[in-house]
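What follows is a single structure, written as structure tokens, with notes after it.
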Amino acid sequence: MKSKVRVWVDQKDIKISCTNDKIINITGMIGSGKTTTANQYRTDSNYIVISLDCLYRGQDKENMNQDTEEINQLLKQKFPNQDNEQYFKQYYDEILKYINRENKPITWVIEGQHIYRYLNFEDLKGTLIVKRTCLMNCWKRSITRHVKKKKTQLKNGEITKKQYHNNIWYWIKRRTKQLKYYKKLNQFLDEILNVN
């Protein structure tokens with residue numbers, strides 16, 4: 001099976017069973033549609049979705065729920081000086097401990113790019129879904145989403161015109177890092193498909 005994420009053409013998601021745990025891990029590049037996929041579970045009481053963006057820098061507040069807030073507080077207590085994504089392996093282990101401790105009769109959904117960037121296949125519990133949206137669509141979606149957010153902030157007087165223009169330029173440059181994320185995701189796909 002060809003596993004690569006392409007530059008111009010979207011590919012079908014890959015779904016792999018890692019263990020029998022009632023956990024679904026959704027990962028992919030920024031703008032690949034992870035949240036859209038996770039939203040399919042949010043309205044079902046048989047699932048609880050943990051958005052990893054909620055655990056970093058207060059992003060994605062609209063998807064914060066009680067369990068995510070509790071995990072967030074636990075991580076801040078356990079790792080008060082480790083506010084860096086490079087510690088995500090430790091964070092993931094703590095999320096798993098929380099899930100096991102809660103012992104709820106539901107399936108947990110963990111959604112975020114951190115999964116492929118900082119974990120190995122053997123670290124994962126449950127099922128893995130990898131979004132294989134092409135590089136260019138991810139890049140365009142992420143820029144569009146950011147510009148829309150900043151326009152709303154400008155309209156509401158939360159930022160100045162200068163801050164708006166500086167911020168947009170910064171994010172356009174920063175999103176070119178998507179190429180690095182693209183290469184990392186393809187390496188991750190090669191690794192997990194070689195294991196299987």
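The table below lists the values:
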quantity	calculated
Check on residue 178, open to solvent by 30 Å² or more (accessible area, probe 1.4 Å) and either among the polar types (S, T, N, Q) or under 20 Å from residue 16 (Cβ atoms) (or both)	no
Every pair of residues 6+ apart whose Cβ atoms lie under 9 Å, when the first sits in region 12-26 and is farther than 19 Å from residue 49 by Cβ while the second is modelled with pLDDT under 95 and in a loop (DSSP other than H, G, I, E, B)	14/1; 14/3; 16/196
Output for region 151-165, where each listed residue is open to solvent by less than 90 Å² (accessible area, probe 1.4 Å) and assigned to a helix (DSSP H, G or I)	152, 153, 154, 164
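The values are calculated or read from the model by the stated rules, or taken from the named source; none is laboratory data. Computed from a predicted model, the values in this text were never measured in an experiment. Every residue, glycine among them, receives a Cβ derived from its backbone with ideal geometry; neighbour counts consider all protein chains shown. In case anyone asks, the SASA skips ligands and DNA or RNA and just uses the protein heavy atoms, side chains included. Shrake-Rupley method; radii C 1.70, N 1.55, O 1.52, S 1.80 Å.
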